[in-house]
Every structure is written in C-alpha cells, then in structure tokens.
Amino acid sequence: MTPSGSAYRGREVRRPRAKRSRAASVALGVVLLAWLLAGCELSRGSTEGGIPDTVESGPLVQPFHADFGTEGYSQYESPVHGERIDVVDDPVPGSTRKVLRMRVNRHDNGPTANSRAQISTPGNTLQNGDEFWAGVSLYLEPLDAQDKAAFRDDANGHVSFAQIYGPPYAAAAPVRIGRVWASSLDADLFGVGGVTTGAEGGVTTTNIWRTPTVEGRWIDTVLHVRLSPDPNVGFVEVYFNSGDGAGLVQQQLADGTTRTHYATLTTSNWTRGTWPGNHMDLQVYRPARMPIEWMTVFFADHAIGNSLEEIRPGG
C-alpha cells in the first residue's frame, strides 16, 4: 500500500473564514434523521485573532497520552476483539514510529450485533462539567472500488473511529468521529457528530462538521469539548489537519459557528446521581450488514489534556 500525499504535520492553527462552501449550505438545508446522514465541506481560514488554547473554566482533567511504541495498547481498558488490534510500523514509507492498527472483519460482532474492534481510555475520568482537549491521528487504508461501492450502497452506511462515551451505554454517543456516505450529497464524508436522543432540552440529533474523506495519508482531528447535559453549556469545537500542508485549522461548523453548543451528556452516557464518568474509545465500528469484508484503520498521537499544545497530534 503506497499512501498518497505526505506525512506533513503543520504547526499553525488558523481560524476559518465566515463564508461557507456550497456543500455546507446544502447540508444546512437538509433535515436528517441521524447525524451520520449529513455533512458539509468546510473552508480554510485566516490567521486573524487569537484562539483560546487552554480550558476556560472548570477543573483540569487527568491527562492521557498513548505510547504505542513502548506500551503497546496496555494503557487502555476493555479491549473488544483484541485479536484484531496490533502495534505495527507506520504505513507511511520512511517513518520509524510504531502505531496502532485495527483490521476488522464484518463478522467481528459483540457485545452488540454490529462489527467492531475497540479500546477505551482508563478510569471513566471525564466528568460532568469537565472541559478538555482530545486529539488523534488516523490513517484510513483506502477501500478498493468494490468496497467503495458497497459503502455507498449501504443504507445509513457509517464507520465510527473514536467517541466520548460511558455508562449507561444506552444509545449512540453524543460526540464521535467517523465516516459516512451522505446519500443526500452523494458524498463520502469524514466528520464529527453525535446522536443526542434523550438530551435535556429536546435535541435529538446534532450534525457538527463534515469534510470529504481522505484516505491513504495521516489526518489529525482535535476536539475541544465541555461535557454537560445542559445544551446551553455543553459544546464541541473541531480542529483538523487534512495532511495537505495547511496544518491544523479550526473548522467552521455546520451551524455557521466555530463552537456548537448542545448536550454532550445524554441518557446514553450519563445518569443523575451516582455516575462514574466518561472515557474515550478508539474503534472501528460499523453495521454488520455492511458488505465490506475487511476494514483497516491506523491510529497514532492519541491524547487527552487541558490545552491544545498539550495534546496536539504530531507535536
């Protein structure tokens, strides 16, 4: 497998322009039933103004930094289909680092009927009211023509790569990174979204940000999150490096802002009273019905912390 593009890691964080791309305007006009059926293409931005790169309020979270080269994935808990998870050489030629690979078969189901491999950060340390930064680098092994067609033809076809989640695990996560075939746009999109069924305030679905899927080179995604069941308090910001040389760029989101407020804790990942907290999963999770026999994703630079510089992928 020969990756396209380069392994470039930019250092500059830039703000997006206010102008939306055509795909974003289309996506905002479409009412969808699930976050995985929508998307928008985002514009790059200028360097005007400062970007707050630390937490603004609340307690500091316990930092987490994966070290696949030294620790494998022993820093994580609750592996699902660990036989599909390995530490391997970076797929980019010339790189000497070790990265995590998940190579998942469509029949690798359990604990639900859907296919997955998965590992979780330890301890459910992310609590109601916490504000934090989380970053991860992904290398999506290109799908061949047959698998691309299968992905396109699958109703509600989607793959999840990372999520903020926790007990009672009652429904889909409110914050996740994934890939979707958006049938309304006839497009293969990568992005951030969440199903917020059961959220206080009556919100049922949130589509946060989408961009065309990039295969065969490293891409970086950073989330700035506050956890709260209150849709006026919880929020998500997205920063993205597509590997095209532009570096890590703060993204304009589907609602036209750079910070989307919504309930990031719902009945799926939060309960009143005694509640242990949330963690972050790395995963390759997809509907078992999707007729793609194997799907492979590489992970690197996974971290959670209290500032952008603390967790910046490639930093």
Q | the stretch 103-250, relative contact order [Cα under 8 Å, separation at least 6], % | A | 21
(Q) Take SER95 and ASN114, extend 7 Å from each Cα along the Cα→Cβ direction, and tell me the distance between the two endpoints in nm. (A) 2.6
Q) At ALA145 and HIS65, where each label point lies 7 Å from the Cα along Cα→Cβ, what is the point-to-point distance in nanometres? A) 4.6
Q: Please turn the phi angles of the stretch 259-274 into ³J(HN,Hα) values with the Karplus equation 6.51 cos²θ - 1.76 cosθ + 1.60 (θ = phi - 60°), one per residue in order, whole Hz, x for glycine and proline.
A: 9, 9, 8, 6, 6, 8, 10, 9, 5, 7, 9, 7, 9, 5, x, 5
Q: For GLN163, list long-range residues whose amide hydrogen, built 1.01 Å from N in the peptide plane, is under 5 Å from its own amide hydrogen.
A: ILE177, ASP281
**Q.** Phi to ³J(HN,Hα) by Karplus 6.51 cos²θ - 1.76 cosθ + 1.60 over the stretch 91-101, Hz, x for Gly, Pro
**A.** x, 6, x, x, 7, 10, 7, 9, 9, 9, 10
Q. Given a cut-off of under 8 Å on Cα pairs at least six residues apart, what relative contact order in percent is computed for the stretch 193-306?
A. 23
Q. Listing THR260, THR271, THR213, THR112 from the residue with the fewest other Cβ atoms within 10 Å to the one with the most, what is the order?
A. THR112, THR271, THR213, THR260
Q) Calculated FRET efficiency, ASP186 and ASP86, Cβ-Cβ r, R0 30 Å, to nearest 0.05? A) 0.30
**Q.** For HIS107, HIS302, HIS261, order by how many other beta-carbon atoms lie within 10 Å, fewest first
**A.** HIS107, HIS261, HIS302
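Laboratory data are not the source of any read-out in this text; all were calculated from the coordinates shown. Computed from a prediction, not measured in an experiment: that's the story for all the values here. Cβ coordinates were reconstructed from backbone atoms using ideal geometry, including for glycine residues, and neighbour counts include every protein chain displayed.
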